[in-house]
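Note sheet for the following structure.
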Amino acid sequence: MSKKRKHPDKIAKYEIKQVIGKGSMGVVYEAWDPFVQRPVAIKVAHPYDSDPAAAQKAREGFFSEVYTAGRMHHPAIVSVYDAGQIDELNYIVMEFVDGETLQEYVTGKKTLSTDQVIDIIYQCAKGLDYVHRQGIIHRDLKPGNIMLSHDGEVKIMDFSIAHIDQGEQTEASVLGSPMYLPPEQLTEEKRLVEQSDIYSLGAVMYALLARRPLYKASNLKSLIYQITEVEPDSLSFIRPDLPQQVIDIVEKCLNKIIYQRYDSAHQLATELSRAYGRLRGVGERIDMQEKWTTLRYLNFFRDFSDEQISEVVDASEWVDFAKNDTIISEGEIETSFYIIAKGGVEVWRNDQPVGRMYQGDCFGETAFIKREQRIATITARTDVTLMVVSRSVLDKVSVDTQLQYYRIFLETLVTRLSKTTDQLIEQDKPR
């Protein structure tokens, strides 16, 4: 690449259009994917240190975003499409969002109404709830890491330092942008919990409403002291026009004591929805999008068209079960079958566990078709979200979509019979 060029003309198959962002880890370009015929964003890492060990560590840090964001599918999370290395060029290909980061609304010339801010934070909370349910903590939520499209849709991005929870309390070094980090990440504790991300989201909400960050500091030491020891200026003084409910929500997010914040991002979203009833419509839109995306990536619906997925979502009923709940009981006559959208279940017969089923599996379809008694009990092995399809629901979809269901039922039945036959053959083999 010529030193005179501001950017390459092409990276792999992607045609570079222009620079749209720069950060500590690299440069972001707007590009065009000629094969899929869509715009994309490409993050290219800065040249690495000449020391091989340091270069390898930096490379792992850069590509860690692929390992985390690449496994998530949610309307409020930026999608990762591709990644690779060409010579010394390391790149990640992501969804292109036609808009700006929220930083433009904190320090730039653009402004947002209070309603818009609440709408944005609500969408972020819904996305954050999804992220946390995947066992991931973002750790670096800030205005510069949240895109707002010109259509008003939010996209959380930059999972390069995200932490994947392994079920244990974990310590972490001070990474991310200190201005938006919670006190516990800046002290000797350095704990990583869901409420840490909630604090950061509260700090973003404060900055959008106040049009400035929480604190002013001339150096890092002063900033850390203020975050850990000093309460920020109250929004009631900065924005006396704000409803008290909004101020209370922000202050609860920003509580320096972890357990006095919201327990979850879902709880925060619920509180925002209650504070502003009009957001219930936004919530339904986000929920519908999340359901559509969930089904699109389930193996059960792999041969369904996008239009059929939309049809299924519109006509579907979704039910949550807590771990160890009984979903269906042996001997019951049921007029529905179930598709596991999230989580896993245990199959029991005669009070003995006989198998497990996972995300994307269906159960109850045989009794549904034959209108017979259930031959097994199903319990929730984890917290579970099920799509319940009753006869009345199935009647709402087109004939083609109904045929797709029955075709998959047949494939499932054949697969199960084949496995049963193999097991019987194995048992009959001479020892």
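Applying the criterion of at least 3 residues that are modelled with pLDDT of 90 or more and under 30 Å from Leu413 (Cα atoms) to the helices (runs of 4 or more DSSP H) found wholly in region 258-317 leaves 306-315. Does region 160-174 contain any residue that is surrounded by 15 or more Cβ atoms within 10 Å (Cβ to Cβ), at pLDDT 75 or above and assigned to a loop (DSSP other than H, G, I, E, B)? Checked region 160-174: no residue is surrounded by 15 or more Cβ atoms within 10 Å (Cβ to Cβ), at pLDDT 75 or above and assigned to a loop (DSSP other than H, G, I, E, B).
Going through (1) part of a loop (DSSP other than H, G, I, E, B); (2) crowded, with 21+ Cβ neighbours inside 10 Å; (3) modelled with pLDDT of 85 or more; (4) more than 14 Å from the chain's Cα centre (by Cα) one by one, Leu141 falls short only on (4). Applying the criterion of being free of Cβ contacts under 8 Å to residues at least 60 places away in the same chain and in contact with a strand residue (DSSP E or B) (Cβ under 8 Å, 6 or more places away or on another chain) to the residues of region 378-408, the residue that is surrounded by the most Cβ atoms within 10 Å (Cβ to Cβ) is Ile378. Here Ile339 clears all of (1) in contact with a helix residue (DSSP H, G or I) (Cβ under 9 Å, 6 or more places away or on another chain); (2) at pLDDT below 90 except the condition numbered (2).
Looking only at region 101-120, which residues are within 20 Å of the chain's Cα centre (by Cα) and under 16 Å from Gly144 (Cβ atoms)? Across region 101-120, the qualifying residues are Thr101, Leu102, Ile120.
In region 224-259, of all residues being over 30 Å from the mean Cα position of the chain (by Cα) and closer than 17 Å to Leu181 by Cβ, the one that is surrounded by the fewest Cβ atoms within 10 Å (Cβ to Cβ) corresponds to Glu229.
Taken over region 150-159, residues that are assigned to a strand (DSSP E or B) and charged (D, E, K, R) amount to 1.
Yes or no: Met147 of a type in the set (A, V, I, L, M, F, W, C), surrounded by 15 or more Cβ atoms within 10 Å (Cβ to Cβ), in a strand (DSSP E or B) and at pLDDT 90 or above? Judged against the criteria, Met147 is a match. For region 77-105, filtered to residues that are among the polar types (S, T, N, Q) and touching a Pro at 6+ places or on another chain (Cβ under 8 Å), the residue that is surrounded by the most Cβ atoms within 10 Å (Cβ to Cβ) is Thr101. Looking across region 175-221 at every residue that is of a type in the set (Gly, Ala, Ser) and modelled with pLDDT under 90, the one that is farthest from Gln267 (Cα to Cα) is identified as Ser218. Taking each residue of region 322-338 that is within 14 Å of Arg349 (Cβ to Cβ) and aliphatic (A, V, I, L, M) and looking for partners that are modelled with pLDDT under 85 and surrounded by fewer than 19 Cβ atoms within 10 Å (Cβ to Cβ) with beta-carbon atoms closer than 9 Å, six or more apart or interchain, yields Ile328/Glu334; Ile328/Arg374. Only residues that are among the β-branched types (Val, Ile, Thr), outside any strand (DSSP E or B) and under 16 Å from Ser316 (Cα atoms) were counted across region 378-398, and they come to 2. Scanning region 71-106 for residues that are in contact (Cβ under 8 Å) with a residue 12 or more places away in the chain and in a loop (DSSP other than H, G, I, E, B) yields a count of 13.
Every condition in (1) touching a residue at least 12 places away in the same chain (Cβ under 8 Å); (2) of a type in the set (Asp, Glu); (3) closer than 25 Å to Ala12 by Cα is met by Asp129 except one, and the failing one is (3). For region 326-352, which positions are among the hydroxyl-bearing types (Ser, Thr, Tyr) and part of a loop (DSSP other than H, G, I, E, B)? Ser329, Thr335, listed by residue number. Note on region 353-377: residues that are in a loop (DSSP other than H, G, I, E, B), surrounded by fewer than 16 Cβ atoms within 10 Å (Cβ to Cβ) and without any contact (Cβ under 8 Å) to a residue 40 or more places away in the chain amount to 3. Within region 205-223, being small (Gly, Ala, Ser), loosely packed, with under 15 Cβ neighbours inside 10 Å and assigned to a helix (DSSP H, G or I) holds for one residue alone: Ser222.
The values are calculated or read from the model by the stated rules, or taken from the named source; none is laboratory data. As the structure is a prediction and not an experimental result, all values here were calculated from the model. Ideal geometry is used to build each Cβ from the backbone, glycine not excepted, and the neighbour counts take in all protein chains shown.
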